[in-house]
DNA sequence: CTTGCCTTTGACGCATGGGTCAAGGGTTAG
DNA sequence: CTAACCCTTGACCCATGCGTCAAAGGCAAG
């Protein structure tokens, strides 16, 4: 499988695959004699995991910090909480990202409040709407 | 008053003033015979307003869209709601930014929920904390 | 062999709000 | 006059996740 097909199979582009490789998210695949990248099903699966985690708000740096244990964050790897030892997620990456998300949400919410105070008192229901 | 003093008076840097000028937030000031920018108190005041509005989450583009009526968003310009006509804020810039903030907050909150669902069920209190 | 699509690497673009450096000229105190 | 600091414009830098273009070579079908 060359890069175009692998990318299509994973629902993305060749550019993205090379980008992941350059940034240490994807191990360098073997090459054909002429230097073209050759991927297998495992690679495609890993790319899917990468995309899922990125879409969850993790950054490239987060996933790079995970190293090869990226899979530990995967969908079916572990149930959310398996008992008093299952919390040992790789590097606490997800926890750090959660904290960063919390900080950003708090910052934006404060901003919204201050801006709203100037514009007028309409539409204060952000927090409520965010609870959906 | 040359750029360095004006910048200091407004609590920022010469670079920022030139940046604001290039981006249409600050009118081009008159120049000395040798081309150096000359600022007055009005300019300094305007820079302060610009910085306040930027710190409130408005973008440079927002303020540019406001044109010269930037002052209408200023602290003491109008009381928040002066009656059935006072809502006519310049270009609805603030309202649009408010909506954008809401959208971003909602997006991040959803992200947080999804990420938290993977990591475990701890620390769900973002919305609550954001209510402060 | 040729055509046409696929792949390679490298480099620039985007949006944000300036920071920082460079090369050259102004200004002012001593 | 000169040192020392200020100002001028222009251009590259930061982080993010790739998109896009470019030049050049690979690969399979006709």
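If I ask for residues that are crowded, with 16+ Cβ neighbours inside 10 Å and closer than 28 Å to residue A:111 by Cα, which ones from the range B:1-23 would you list?
Kept after step one, since they are crowded, with 16+ Cβ neighbours inside 10 Å, are these residues of the range B:1-23: B:1, B:3, B:6-7, B:9-10, B:12, B:16-17, B:20-21.
If the condition is that a residue be crowded, with 16+ Cβ neighbours inside 10 Å and closer than 28 Å to residue A:111 by Cα, then B:6, B:7, B:9, B:10, B:12, B:16, B:17, B:20, B:21 are the ones that fit.
Working only within the range B:6-42, note down all residues that are within 12 Å of DNA strand D (Cβ to nearest atom), in a helix (DSSP H, G or I) and out of contact with any helix residue (DSSP H, G or I) (no Cβ under 6 Å at 6 or more places or on another chain). Hits for the range B:6-42 are B:8, B:15, B:16, B:18, B:19, B:21, B:22. Among residues that are exposed (fewer than 14 other Cβ atoms within 10 Å of the Cβ) and either under 23 Å from residue A:99 (Cβ atoms) or modelled with pLDDT under 85 (or both), residue B:80 is included.
Is it the case, given these coordinates, that residue A:56 is facing chain B (nearest Cβ under 10 Å), under 21 Å from residue A:10 (Cβ atoms) and at pLDDT below 85? Before the answer, list the steps.
On the way: facing chain B (nearest Cβ under 10 Å): yes; under 21 Å from residue A:10 (Cβ atoms): yes; at pLDDT below 85: yes.
Answer is yes for this residue.
Of all residues in the range B:83-117, those satisfying the criterion of being more than 25 Å from the chain's Cα centre (by Cα), farther than 16 Å from residue A:106 by Cα and at pLDDT 70 or above are B:114, B:115, B:116, B:117.
Contact annotation: residue pairs with Cβ atoms under 7 Å, 6 or more positions apart or on different chains, pairing a residue in the range A:25-42 that is more than 14 Å from chain B (Cβ to nearest Cβ) and without any contact (Cβ under 8 Å) to a residue 60 or more places away in the chain with a partner that is in a loop (DSSP other than H, G, I, E, B) and within 14 Å of DNA strand D (Cβ to nearest atom), are A:36/A:2; A:37/A:2; A:38/A:1; A:38/A:2; A:38/A:32; A:39/A:1; A:40/A:1.
The values are calculated or read from the model by the stated rules, or taken from the named source; none is laboratory data. The structure presented is a predicted model; accordingly, all values stated were derived computationally and were not measured. FYI the Cβ positions are ideal-geometry reconstructions off the backbone, even for glycines, and counts take in every protein chain you see.
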